[in-house]
Amino acid sequence: MCVCSQFVSLVGRYLLCEINVQDRSCLLLLDDRAVALAVKAAVARTHGDYGAALCSSRFSVKYLNAHTGIVFLRFPKMCYKLLWSALPFITCIETRGQKISCFLNCLHVGGTIRTCQKFLIRYNTQQLHRMLPKCKNEEEKQQVRKSILNCTLTRGNREEFEDSESEEDEEE
């Protein structure tokens with residue numbers, strides 16, 4: 001194997017997904033490990049041992065927000081289509097002795113966490129704009145408007161993400 005092909009296998013991709021459940025309180029039961037096991041099991045079911053082996057190398061759940069259901073999945077670039085194609089086969093996630101019925105909606109595929117975060121900010125802003133006309137009273141509208149204004153990165157957050165991204169680059 002040449003050095004070029006070894007380097008290509010180290011390059012990662014990130015899938016920004018949304019975990020959709022009927023009861024939002026069930027999201028609080030989720031943890032990184034449970035999501036990772038569900039994804040790996042789906043890949044194994046749909047693509048067999050080959051897909052499971054290919055995607056298990058350097059696969060991880062980099063971020064999970066149990067309040068919003070947003071999850072960042074990291075995996076080798078060469079297997080992103082295998083992983084992506086297995087997501088529709090996730091119908092539940094088993095955690096803490098419970099099976100949570102759900103499905104994963106892929107929102108974005110990015111080369112870095114930073115690009116996924118930028119997409120997520122735009123996505124959340126669009127969602128808030130869609131909510132604005134559905135508000136029942138002026139107080140709700142004010143809260144949504146305030147949330148829209150807060151959907152930007154502050155200078156401090158930018159520095160944090162730049163630092164965390166440079167640490168990831170060093171890992172590779």
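The values are calculated or read from the model by the stated rules, or taken from the named source; none is laboratory data. Quick caveat, the model's predicted, so the values are computed rather than measured. No Cβ is skipped: glycine too gets one built from the backbone with ideal geometry, and neighbour counts run over all protein chains shown.
So which of L16, L27, L54, L82 ends up being aliphatic (A, V, I, L, M), touching a Leu at 6+ places or on another chain (Cβ under 8 Å) and buried (at least 19 other Cβ atoms within 10 Å of the Cβ)?
Working: L27 fails: touching a Leu at 6+ places or on another chain (Cβ under 8 Å); L54 fails: buried (at least 19 other Cβ atoms within 10 Å of the Cβ); L82 fails: buried (at least 19 other Cβ atoms within 10 Å of the Cβ).
Within the list L16, L27, L54, L82, the selection yields L16.
Which number in (1) touching a residue at least 60 places away in the same chain (Cβ under 8 Å); (2) aliphatic (A, V, I, L, M); (3) not in a strand (DSSP E or B) marks the one condition that L104 misses?
The single condition L104 does not satisfy is (3).
Testing R96 on (1) out of contact with any Phe, Trp or Tyr (no Cβ under 6 Å at 6 or more places or on another chain); (2) at pLDDT 90 or above, one condition comes back false. Which one is that?
Failing condition for R96: (2).
Just to be sure before I move on: is P88 more than 30 Å from N150 (Cα to Cα) and either free of Cβ contacts under 8 Å to residues at least 40 places away in the same chain or not assigned by TED's automatic domain parsing to the domain that holds C17 (or both) in the structure I sent?
Here the answer is yes, as P88 does meet what is asked.
Could we say that R58 is under 22 Å from A36 (Cβ atoms), part of a loop (DSSP other than H, G, I, E, B) and either assigned by TED's automatic domain parsing to the domain that holds L28 or among the aliphatic types (A, V, I, L, M) (or both) here?
Judged against the criteria, R58 is a match.
So which residues in segment 30-45 are buried (at least 17 other Cβ atoms within 10 Å of the Cβ) and under 18 Å from K81 (Cβ atoms)? Step through it out loud before you land on a result.
Narrowing segment 30-45 to residues buried (at least 17 other Cβ atoms within 10 Å of the Cβ): 30, 34-36, 38-40, 42-44.
Scanning segment 30-45 gives V39, K40, A42, V43, A44.
With the requirement that a residue be assigned to a helix (DSSP H, G or I) and either among the hydrophobic types (A, V, I, L, M, F, W, C) or modelled with pLDDT of 95 or more (or both), what does segment 13-32 give you?
Within segment 13-32, C26, L27, L28, L29 meet the criteria.
Restricting segment 90-130 to residues that are surrounded by 15 or more Cβ atoms within 10 Å (Cβ to Cβ) and more than 16 Å from the chain's Cα centre (by Cα), which is nearest to L29 (Cα to Cα)?
Looking at the filtered set, the residue picked out is T95.
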